[in-house]
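Have a look at the structure below before the remarks.
The values are calculated or read from the model by the stated rules, or taken from the named source; none is laboratory data. Just so we're clear, the structure is a prediction, and the values are computed from it rather than from any experiment. Don't worry about glycine lacking a Cβ; one is built from the backbone with ideal geometry, like all the others, and counts go over all protein chains shown.
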Amino acid sequence: MISGKALLTSIKRTGKTSPLAKQREANIHWVSSLNREGLAYQEKEVLLDLHETEAGETVSIQFPGKESDSKRKTVFKYDFRPKVMLADGSYAEDLTFFQIWQALFENIPLTENGRSVLGVIFYRMAFMIDYVEHSPLGLTSLSEPSSSGCPLSGYHGIDFESLKPHLKDVVTDMKWAGMSFEAFLRYNDLLALNEDVKYWYRATNIKKTLWKADAVGRVNTMLTHLSVIGFHSNKMHFASLIERFSRSKGVCAAKPAEAAAICSPYLIKS
């Protein structure tokens, strides 16, 4: 059964003229506008809280990140990392891509509809569909920037409320890499945002060129997760998956036809 027309999604594209480019750029500029005065990786960092989940977790970003360290050969000034504080006050570990894909494997829905819904959620995250502006909750006390207080508005993230009616076949009682499904999605969304920030910075500040707003960064990250879902749904062949992972240095973004098959019947040609 189809969960409803709300999840129906047309195949999207990237590039400077796509609607996605403006949304990605707005979030990138929000990150670059955050006050970093007096901060340094592992010396003086801040946690900026962004979301409280229904499970009582706090989803944040911590910065500056390790790739901002001036000792590195290539420095990405605006690097950060997502963080999740669990309901008991402890922090979930920083996830590797292997741990994210393992969580997808452990929680892959049993029903075909559930797998399709999970797939189209990641497809919609890749193209920032139905994202809404969120007001940051505030800075926590790792350390505080030396000047001003409130972070700037302009951050857009997942509208989780709109997803909730469609999650019956997706969410189990199991944890997703130690956190709730909501926190897992928000963690991955922020991970994808950091990828966008990194590749935008490489283009505009290191290579001194225009950012292409192509699939590199957010889109390829989310569509690689979709490929992993596709493999566990028997919609992608193992040999193809491994060959593309090795050829593309850990990236295996689902192609439009593959994405449509994985997300069927929710992903359609426009």
Among the residues of region 116-161, which ones are crowded, with 18+ Cβ neighbours inside 10 Å and at pLDDT below 85?
Leu139, Pro151
Could you check, for region 190-205, whether at least one of its residues is touching a Phe, Trp or Tyr at 6+ places or on another chain (Cβ under 9 Å) and part of a loop (DSSP other than H, G, I, E, B)?
no
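Residue-by-condition table, conditions (1) surrounded by 13 or more Cβ atoms within 10 Å (Cβ to Cβ); (2) hydrophobic (A, V, I, L, M, F, W, C); (3) more than 30 Å from Ala261 (Cα to Cα); (4) at pLDDT 90 or above:
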position: Met1; (1), (2), (3), (4): no, yes, no, no
position: Ser10; (1), (2), (3), (4): no, no, no, yes
position: Glu25; (1), (2), (3), (4): yes, no, no, yes
position: Trp30; (1), (2), (3), (4): yes, yes, yes, yes
Looking at region 48-73 only, could you name the residues that are in a loop (DSSP other than H, G, I, E, B), among the acidic types (Asp, Glu) and surrounded by fewer than 20 Cβ atoms within 10 Å (Cβ to Cβ)?
Glu54, Asp69
Given the residues Lys73, Lys66, which is the only one that is out of contact with any Leu (no Cβ under 8 Å at 6 or more places or on another chain) and without any contact (Cβ under 8 Å) to a residue 24 or more places away in the chain?
Lys73
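Examine region 39-47 for a residue that is without any contact (Cβ under 8 Å) to a residue 60 or more places away in the chain, of a type outside the set (A, V, I, L, M) and touching a helix residue (DSSP H, G or I) at 6+ places or on another chain (Cβ under 6 Å), and state whether such a residue exists. Before the answer, list the steps.
To start, the set of residues in region 39-47 that are without any contact (Cβ under 8 Å) to a residue 60 or more places away in the chain comprises 40-43.
Add one more test, that the residue is of a type outside the set (A, V, I, L, M), and what stays is 41-43.
Still in the list and also touching a helix residue (DSSP H, G or I) at 6+ places or on another chain (Cβ under 6 Å): 41.
Yes, region 39-47 contains at least one residue that is without any contact (Cβ under 8 Å) to a residue 60 or more places away in the chain, of a type outside the set (A, V, I, L, M) and touching a helix residue (DSSP H, G or I) at 6+ places or on another chain (Cβ under 6 Å).
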Might you check whether a residue that is surrounded by fewer than 20 Cβ atoms within 10 Å (Cβ to Cβ), without any contact (Cβ under 8 Å) to a residue 40 or more places away in the chain and within 19 Å of the chain's Cα centre (by Cα) occurs anywhere in region 182-195?
yes
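State all residues of region 234-249 that are assigned to a loop (DSSP other than H, G, I, E, B) and either surrounded by fewer than 12 Cβ atoms within 10 Å (Cβ to Cβ) or in contact with a Ser or Thr (Cβ under 8 Å, 6 or more places away or on another chain) (or both); if no residue qualifies, say none. First the steps, then the outcome.
Taking region 234-249 as the starting set, the residues that turn out to be assigned to a loop (DSSP other than H, G, I, E, B) are 234-237, 248-249.
Answer for region 234-249, where residues must be assigned to a loop (DSSP other than H, G, I, E, B) and either surrounded by fewer than 12 Cβ atoms within 10 Å (Cβ to Cβ) or in contact with a Ser or Thr (Cβ under 8 Å, 6 or more places away or on another chain) (or both): Asn234, Met236, His237, Lys249.
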When you scan region 62-72, do you find a residue that is among the polar types (S, T, N, Q), at positive phi and more than 16 Å from the chain's Cα centre (by Cα), even just one?
no
Answer yes or no as to whether Ser18 is among the polar types (S, T, N, Q), free of Cβ contacts under 8 Å to residues at least 40 places away in the same chain and out of contact with any strand residue (DSSP E or B) (no Cβ under 8 Å at 6 or more places or on another chain).
no
